[in-house]
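Below is one structure; the comments refer to it alone.
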Amino acid sequence: MGSKELLQKWIDAFQRCDGDAVAECFADDAVNLQVAIGEPDVGKAAIKAGNDAFFAAFPDAWSRVENLIGDGDRAAWEWVGGGTWTGEFAGHQPTGRSFEIRGCGFFRFRDGKIIEQHGYWDKHSWFSQIGLPIE
């Protein structure tokens, strides 16, 4: 399976809000850096915990692929996504507000698994839409 197909497998799992299937796409020593947050999640368990927290807080999360490319051991996607904040997130109680933002992600693969994920999206836009303090 090529990098584009591997990324599509991850996207499909993410679009289903399936934390177990998302985690299975990652190598045990993978790193997920969401640049707007700053500190990466290191290791499959930490990445799964972060995704599970997101899916619990935004159970109707959705995303739409705008562009998807892959070459060699790397792939990238541009997306539009959103959801409604209905569960605790980042230590804050939900506001019930919805968001829609654009972003992109860059991935590197080894032996059919994600070893690096770098995500870029506008923290100010997302947090202001849902009423979360920008820290």
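Read the figures in this text as sums done on the coordinates, not as results from a lab. As the structure is a computational prediction, the values presented were derived from the model and not from experiment. Positions of Cβ are backbone-derived with ideal geometry, glycine not excepted, and every protein chain shown enters the neighbour counts.
State to the nearest 20 debye the size of the charge dipole of the stretch 67-135 about its Cα centre, where the only charges are +1 on K and R beta carbons and -1 on D and E beta carbons.
Working: 7 positive and 9 negative charges, 6 e Å.
In debye, rounded to 20, the stretch 67-135 gives about 20.
Which aspartates and glutamates, if any, have their Cα less than 18 Å from the Cα of Lys113, not counting same-chain residues under 8 positions apart?
Glu5, Asp12, Asp18, Asp20, Glu24, Asp28, Asp29, Asp41, Asp71, Asp73
By its C-alpha gyration tensor, with a ≥ b ≥ c as the square roots of the eigenvalues, how is the stretch 39-93 shaped: rounded for a/c under 1.5, else prolate for a/b larger than b/c, else oblate?
Oblate.
With only Lys, Arg, Asp and Glu charged, each at its Cβ (+1 for the first two, -1 for the last two), find how big the charge dipole of the chain is about the Cα centre; round to the nearest 20 debye. Provide the component values of the computation, followed by the final result.
Numbers: 13 positive and 21 negative charges, 41 e Å.
Around 200 debye, computed over the chain.
Excluding Trp79 itself, what net charge comes from residues whose Cβ is under 10 Å from its Cβ, given Lys and Arg +1 and Asp and Glu -1? Mind dumping the intermediate values first?
On the way: positive: Arg64, Arg102; negative: Glu66, Glu78.
Spelling it out: positives minus negatives among the neighbours equals 0.
Reported to two decimal places, what Rg/Rh ratio describes the chain when computed on Cα atoms with Rh from the Kirkwood expression? Mind dumping the intermediate values first?
On the way: Rg = 14.3 Å, Rh = 15.0 Å.
Radius of gyration relative to Kirkwood radius: 0.95.
Might you report the magnitude of the Cβ-based charge dipole of the stretch 4-71 about its Cα centre, with Lys and Arg at +1 and Asp and Glu at -1, to the nearest 20 debye?
Working: 6 positive and 13 negative charges, 27 e Å.
The dipole of the stretch 4-71 has a size of about 140 debye.
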